[in-house]
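These notes concern the structure reproduced below.
Just so you know, all these numbers are worked out from the coordinates, no wet-lab data involved. Here the structure is a predicted model, which means the values were calculated and not measured. Positions of Cβ are backbone-derived with ideal geometry, glycine not excepted, and every protein chain shown enters the neighbour counts.
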Amino acid sequence: MVTMVKTIDVSGLVKVSRKSCIKFTTLMCWCIGKAASRVEEFFTLPEGGRLFRYDRLAINVIVQNNKGGINSCDIPFTDDLQQFNRDYMELTATVANECKSTFLEDHMVIGTSAMIQTELDCIVNQYTDQFCNPMVMWGKYRKGLFRTTLPVSFQFHHVQMDGGQAAQFLQLLQDETIF
């Protein structure tokens, strides 16, 4: 696994979040899906020494459930922000209430982990052969005088993509956060 870190300007995302009443994390996940959908390598998953091709993407989020634990929830990606927001809100509420993880087996899943309670410079996951999916992680965004920034860690399997495609994804993610 390889991890790349980039600080992106999320000023536009924060502004849209406030005006539209869509949660920042939902918007960030949608932007991840938008950027990933433009990089062909995101549709391929290395697993068990083979490569599997998917036609659809999903974004995985970690949900705090009603019993104080956490569960996993896959949100199908769509270009339609309003539909993605409805799916995000409905699916995460169901997971939180039922305290049961949900997975989309027929989608290529991009993992996310948002630890918005604290400012982080970098997050690096420990490699496990159980999860070869790309992972985007972040903490609390940083408000400046003229812009708001967010350090983002992106971890990916080197069989899935090279550094060039990973850097392209991070640039596309930056581009998507500018509304």
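Distance between the pseudo-spin-label points of K6 and C21 (7 Å out from Cα toward the beta carbon): 3.3 nm.
Using a cutoff of 8 angstrom between alpha carbon atoms and counting only pairs six or more residues apart, the relative contact order for region 1-125 works out to 24 percent. Using a Förster distance of 30 angstrom, determine the FRET efficiency expected from the C-beta separation of E119 and Q168, and round it to 0.05. That gives a FRET efficiency of 0.65. For the chain, what does the helix formula give at 222 nm: sum of -39500 (n - 2.57) over DSSP H segments with n ≥ 4, over the residue count, nearest 500 deg cm²/dmol? Estimated from H runs of four or more residues: -10000 deg cm²/dmol.
Charge dipole of the chain (Cα centre as origin; +1 on each Lys and Arg Cβ, -1 on each Asp and Glu Cβ, all else neutral): 780 debye, rounded to the nearest 20.
For region 51-64, the Karplus equation 6.51 cos²θ - 1.76 cosθ + 1.60, evaluated at θ = phi - 60°, returns couplings of 10, 10, 9, 10, 9, 10, 10, 9, 10, 8, 10, 9, 10, 6 Hz by residue, with Gly and Pro reported as x. If you plug the beta carbon distance of D175 and R147 into 1/(1 + (r/R0)^6) with R0 = 22 Å, you get a FRET efficiency near 0.90.
Within a straight-line Cα-Cα reach of under 29 Å, K34 can be paired with the following lysines, leaving aside sequence neighbours fewer than 8 residues apart in one chain: K6, K15, K19, K23, K100, K140, K143. With the charge dipole of the chain set up from +1 on Lys and Arg Cβ and -1 on Asp and Glu Cβ about the Cα centre, the Cα lying farthest toward the positive end among the listed residues T26, V10, C73 is that of V10.
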